[in-house]
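The values are calculated or read from the model by the stated rules, or taken from the named source; none is laboratory data. On a predicted model such as this, the values are computed, not experimentally measured, just so you know. Cβ: placed from backbone, ideal geometry, glycine included. Neighbour counts: every protein chain shown. For the accessible areas, the whole protein counts, side chains as well, though only heavy atoms, and no ligand, DNA or RNA atoms are used. Shrake-Rupley method; radii C 1.70, N 1.55, O 1.52, S 1.80 Å.
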Amino acid sequence: MTRIVVFASGSGSNFQKIKESIDNNQINGKIVLLISNNPNCGAVKFSELNNIDFKIINDYRYNEKKNNQYELVLEKYRPNLILLAGFMKKIPHNIIRIYKNKIMNIHPSLLPKYGGKGYYGMNVHKSVVQNRERITGATVHFVDDNYDKGPIIIQEKVGVDSSDSPDIVSEKVLKIEHKIYSKAIKAFCLNKITIDKDSVIINE
Ligand code: GRF
């Protein structure tokens, strides 16, 4: 069974959906730990209510190159898969190196569009509306050292109406996020994902 550690900073709806998919036997995995930088967020409350271990790591000396706190905690929980689900801090280089191709992220746009520095949360959806895009979507990708640039696993599109506000776009995209994140995790847990250079293949 795949041991999963989730990183989240916000409301945690993706985290909750992943747990739901595990409980419904759609994903053969177990969430062994939540890591958050925000003790008051919904994700932490959800883990408390569901008896999932959690650790708050919020070090003001945060070092993007090497962070021993993460390393030590992860060594203890031995994940096979790490899931970023609305985590607002950059993952330090040492963690990316140790868990290469084992860290996934969900991003609320069709990467490479609206990815990179500054494009997170509502900023993405506001830009989509401002630029009068007619299509947006969500992307699940592996995490490497370049923000939002790792190999793409799954993307799905959704239409944007001219009357849609950023909030409406966010709701539409979130629904897709929940769907494709579970799909990607399921494939990973079934060992169906292979990476050839930078291309991801999901073997059916
Ligand atoms: C999602 O839109 C995710 O794509 C982004 O942060 C948001 C987190 O939402 N990275 P939630 O906390 O899972 O509800």
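Scanning the stretch 182-199 for residues that are in contact (Cβ under 8 Å) with a residue 12 or more places away in the chain and either out of contact with any helix residue (DSSP H, G or I) (no Cβ under 6 Å at 6 or more places or on another chain) or acidic (Asp, Glu) (or both) yields 183, 184, 185, 186, 187, 188, 189, 190, 192, 195, 198, 199.
Can you spot a residue in the stretch 61-75 that is closer than 21 Å to residue 37 by Cβ and within 16 Å of the ligand (Cβ to nearest atom)? For the stretch 61-75, residues closer than 21 Å to residue 37 by Cβ and within 16 Å of the ligand (Cβ to nearest atom): absent.
So which of 160, 143, 173 is within 15 Å of the ligand (Cβ to nearest atom), β-branched (Val, Ile, Thr) and over 20 Å from residue 81 (Cβ atoms)?
173
Condition first: within 12 Å of the ligand (Cβ to nearest atom) and in a strand (DSSP E or B). Now tell me which residues in the stretch 1-44 satisfy that. Steps first, please.
Quick first cut of the stretch 1-44, residues within 12 Å of the ligand (Cβ to nearest atom) only: 6-19, 34, 36, 38, 41-44.
The answer is 6, 7, 34, 36.
When residue 119 is tested against (1) assigned to a strand (DSSP E or B); (2) touching a residue at least 24 places away in the same chain (Cβ under 8 Å); (3) open to solvent by 10 Å² or more (accessible area, probe 1.4 Å), exactly one condition is not met: (1).
Scan the stretch 46-57 residue by residue and report those that are within 12 Å of the ligand (Cβ to nearest atom) and without any contact (Cβ under 8 Å) to a residue 24 or more places away in the chain. Can you show your working first?
Pass one, the stretch 46-57, residues within 12 Å of the ligand (Cβ to nearest atom): 46.
None - no residue of the stretch 46-57 is within 12 Å of the ligand (Cβ to nearest atom) and without any contact (Cβ under 8 Å) to a residue 24 or more places away in the chain, so the list stays empty.
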